[in-house]
Structures are given as C-alpha cells and as structure tokens.
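Undergrad: Input: one structure, supplied below.
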Amino acid sequence: MEASGHTSSFTDPLVECKVCHKRFRADKKDEQAAHSKEHKESTSWTEPKQFNLLTEVFLGVTEPKQKAYLRGEITQGVFVISRMWSIPPRKNSVRDCANRESVQE
C-alpha cells in the first residue's frame, strides 16, 4: 500500500479544540473560526497532527501475517459480525434451533 501512495493520501492534518475537544481539519480555517465563535471564552487549538483515515489490519492464515490498510466503513462489518457471534444465543433462536435439529438427526 505504501508503494501505491494510499497511506499518505488518506491522512488529514487535524487540530483539536482545547475547550471542548472537538477535532477539525487544519486546512479548514473557516470551520475553526465558526467553532471559535460558539465558545464565550477564547479558544485555543493544539498543533496539527496527522490523522490516518485507514485502519491497519493484519491478514492471512499463516505467520507472519500481511499488513494491509482498509477504509473504516469496510471494517465496520468485521466488528459487527464478531460481536454478533460473541453474544450467547437466546433460547429458541434460529441458530439454536438449527443446532438442535442437526443433533437430533
């Protein structure tokens, strides 16, 4: 991915409001100015930091695993599915009934 330039093109410099801790892109000065007006007191900002929009994942079934970078919206499904399978099934759920039928046969 680094050879193709994806990791460098999917980063944004962000600054954080020290009052409310909201983050804004450093190159969007008009958004920062509008946000500063929301606070009655003076607003101070952190130094810009690079924020990577890609999620680093390790793929593969053997060691060492290959490092890859995926967009956040793609990785959401992984977390939802793993959460779904980590919750014990309710009694008489579809998954529970399917397991019981295969055992009874």
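Undergrad: Under 12 Å from the Cβ of SER36, count the other residues' Cβ atoms, weight Lys and Arg +1, Asp and Glu -1, and hand me the total. Let's see the in-between values first.
TA: On the way: positive: LYS18, LYS22, LYS29, LYS37, LYS40; negative: ASP30, GLU31, GLU38, GLU41.
The answer is +1.
Undergrad: Would you list which lysines come within 27 Å of LYS22, measuring only between C-alpha atoms, while excluding same-chain residues fewer than 8 positions from it?
TA: Of all the lysines, those that pass the test against LYS22 - Cα under 27 Å, at least 8 places apart if same chain - are LYS37, LYS40, LYS49.
Undergrad: Calculate the FRET efficiency for GLU73 and ALA34 from the Cβ-Cβ distance with a Förster distance of 30 Å, rounded to the nearest 0.05.
TA: Working: r = 27 Å, r/R0 = 0.89.
The calculated FRET efficiency here is 0.65.
Undergrad: 7 Å from Cα along Cα→Cβ at both HIS21 and GLN66: what's the point-to-point distance in nm?
TA: Computed distance between label sites HIS21 and GLN66 equals 3.8 nm.
Undergrad: In addition: Going by amide H atoms built from the backbone, whose H comes under 5 Å of the H on VAL19, apart from near neighbours?
TA: Result for VAL19 returns SER44.
Undergrad: A further question follows. Once the piece of chain linking ASP12 and TRP45 is laid out straight, how much longer is it, given 0.36 nm per residue of separation minus the C-alpha distance between them?
TA: Details: separation 33, 0.36 × 33 = 11.88 nm, distance 1.60 nm.
Additional length available on full extension: 10.3 nm.
Undergrad: Once the other residues with Cβ under 12 Å from the Cβ of PHE58 are scored (Lys, Arg +1; Asp, Glu -1), what is the net sum?
TA: 0
Here, each number is a calculation from the coordinates, and none is a lab measurement. Just so you know, these numbers come straight off a predicted model, no measurement behind them. Virtual Cβ from ideal backbone geometry, glycine too; neighbours counted across all protein chains shown.
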